[in-house]
Amino acid sequence: MPQAQLVRGRFAPSPSGRMHLGNLWSCLLAWLAARSAGGEMVLRLEDLDPDRCRAEYCDQVMRDLEWLGLDWDGAPMYQSRRTEAYAAAFETLGKRGLVYPCYCTRAERLAASAPHRSDGAVLYDGRCRRLPPEERKTLAKTRRPAWRVQVPKKTITFCDLIQGEYKEELTGDCGDFILRRSDGVYAYQLAVVVDDGAMGVNQVVRGSDLLDSTPRQLWLQEELGLPHPQYGHVPLLLAPDGRRLAKRDRDAELGQLKERYTAPELVGRLAHAAGLIPEYAPVTPEELIPLFSWDKVPREDMKFSIEME
Ligand code: GLU
């Protein structure tokens, strides 16, 4: 990214429930990375999956960000309203012969809206790409396919702001991935690339659980003629027993936290864990702007308990 370019970061929460500590952590760091560079911050509500996302959660996410003191520029983008843009990108890839129908029943599962391969998703072996036309026709009579993109044998390398160099060989580490589910919903990987491009995002700061999605996204950007943003994958906050914090951890959920803490208290605890303040003290995001530096932020996932801070 040329030095003169204005940083444009983004929040991209999935409104499938209340935000939790892990979301607040990545939102705070994404906001600080953009604002400390004098940059802009945009908001995209990743409400692609109609089974999991609800309009009231979108409103709640925005109220929660505001309550914390994290603001954004311009109107929010809703992925649920972006089907045409995804369809156009899907068509572009299809015209290039890169897209094929997949009739495997596991397909739906593999198209999780934010995939985590460490959670057990498996590499797809390209079975449906090699289906004889007759067999494909027979399957098409009874099943609606998901749609996959065929990845080339290519190594994608990039330098992450926090994790350093990271690379994947697309066929061996990633495999053909889903662009559109069998129920017609476009997959996270496609939507995120199309939207980051449309929003002019040039700095993506998010949880390191998405690190292994980045090579796929960089490759899709190339195929769609979109610029590459800079990426920074922040370490994950773990529960005191070492598990990843999840939406099911009720005490880490913002609804519960708001009853016990003020916004500056919460932000102060996260800022202390991020190494931005030497000792815990209540603080606003605004006050942290001059203190922010990636050099201070830990690289490894860390156990975090709001009580311990
Ligand atoms: N919507 C995803 C999440 O909340 C984040 C996607 C991204 O940052 O690319 O986990």
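The values are calculated or read from the model by the stated rules, or taken from the named source; none is laboratory data. All values derive from a computational prediction rather than experimental measurement. All Cβ positions, even for glycine, are placed from backbone atoms using ideal geometry, and neighbour counts span all protein chains on display.
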The condition from (1) hydroxyl-bearing (Ser, Thr, Tyr); (2) in contact with a Ser or Thr (Cβ under 8 Å, 6 or more places away or on another chain); (3) more than 15 Å from the ligand (Cβ to nearest atom) that Tyr57 misses is numbered (3)
Taking the stretch 25-40 on its own, how many of its residues are more than 9 Å from the ligand (Cβ to nearest atom) and buried (at least 24 other Cβ atoms within 10 Å of the Cβ)?
7
Test Leu98 against the stated conditions and say whether it is more than 27 Å from Ala12 (Cα to Cα), modelled with pLDDT of 95 or more, more than 16 Å from the ligand (Cβ to nearest atom) and out of contact with any Gly (no Cβ under 9 Å at 6 or more places or on another chain).
yes
Residue under question is Glu265, and the condition is that it be in contact (Cβ under 8 Å) with a residue 12 or more places away in the chain and either surrounded by 20 or more Cβ atoms within 10 Å (Cβ to Cβ) or not hydroxyl-bearing (Ser, Thr, Tyr) (or both); does it hold?
yes
May I ask you to list pairs of residues, at least six apart or on different chains, whose Cβ atoms are under 8 Å apart, with the first in the stretch 19-44 being over 24 Å from Ala252 (Cβ atoms) and the second being among the basic types (Lys, Arg) and surrounded by fewer than 24 Cβ atoms within 10 Å (Cβ to Cβ)?
Ala34/Arg8; Gly39/Arg8; Glu40/Arg8; Val42/Arg8
Residues located in the stretch 166-204, provided they are among the acidic types (Asp, Glu) and either more than 19 Å from the chain's Cα centre (by Cα) or more than 30 Å from Ser36 (Cβ to Cβ) (or both):
Glu169, Asp173, Asp176, Asp183
Just give me the residues in the stretch 203-240 being more than 13 Å from the ligand (Cβ to nearest atom) and part of a loop (DSSP other than H, G, I, E, B), in sequence order.
Gly225, Leu226, Pro227, His228, Pro235, Ala239, Pro240
Test for Gly74: is it touching a residue at least 12 places away in the same chain (Cβ under 8 Å), surrounded by fewer than 17 Cβ atoms within 10 Å (Cβ to Cβ), more than 14 Å from the ligand (Cβ to nearest atom) and under 30 Å from Gln256 (Cα atoms)
yes
Give me the residue from the stretch 19-76 that is in contact with an Asp or Glu (Cβ under 9 Å, 6 or more places away or on another chain), among the basic types (Lys, Arg) and over 24 Å from Leu291 (Cα atoms) and, out of that set, modelled with the lowest pLDDT.
Arg54
Selection from the stretch 41-54 of residues that are surrounded by fewer than 20 Cβ atoms within 10 Å (Cβ to Cβ) and either within 12 Å of the ligand (Cβ to nearest atom) or of a type in the set (A, V, I, L, M) (or both)
Arg52
Residues within the stretch 277-304 that are surrounded by 13 or more Cβ atoms within 10 Å (Cβ to Cβ) and assigned to a loop (DSSP other than H, G, I, E, B), tallied
11
Evaluate the stretch 2-22: report whether one residue or more is more than 17 Å from the chain's Cα centre (by Cα), buried (at least 17 other Cβ atoms within 10 Å of the Cβ), in a loop (DSSP other than H, G, I, E, B) and of a type in the set (Val, Ile, Thr).
yes
From the residues in the stretch 2-18 that are more than 9 Å from the ligand (Cβ to nearest atom) and of a type in the set (A, V, I, L, M), which one is modelled with the lowest pLDDT?
Ala4
Could you check how many residues of the stretch 208-228 are of a type outside the set (A, V, I, L, M, F, W, C), surrounded by fewer than 21 Cβ atoms within 10 Å (Cβ to Cβ) and under 22 Å from Met77 (Cα atoms)?
4
